[in-house]
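Below: one structure, written as structure tokens.
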Amino acid sequence: MVNANRQGKTIITATHDLHIVGEIADTVYVFGRNKKIVRGGSAESVLNDRALLESNNLIPIHRHHHDGNEHVHQHLPMEQHD
């Protein structure tokens, strides 16, 4: 797929794995619950729009265990995880 893109071919991918989007996409479109595009733009601008991602249920929740306690939090896809 990467080679096809380098050769000038357009690749269209649909995913909920937002952590890879910044690596594989130049342009991103978010579809709403009504199956219509609610926003498009660069991967960086879309993936850093917390309100957009929250309103479309696209911010992943991470669970971590620290010293026997579970810690739950959200990360925007472009944020670093600890």
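The values are calculated or read from the model by the stated rules, or taken from the named source; none is laboratory data. Not measured: the values here are computed from a predicted model. All Cβ positions, glycine included, derive from the backbone under ideal geometry; neighbour counts span all protein chains shown.
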Of all the strands (runs of 3 or more DSSP E) wholly in the chain, which have at least 2 residues that are of a type outside the set (Phe, Trp, Tyr) and modelled with pLDDT of 85 or more?
-> 27-31, 37-42
Given (1) surrounded by 15 or more Cβ atoms within 10 Å (Cβ to Cβ); (2) out of contact with any helix residue (DSSP H, G or I) (no Cβ under 9 Å at 6 or more places or on another chain); (3) among the small types (Gly, Ala, Ser), SER42 misses just (1)
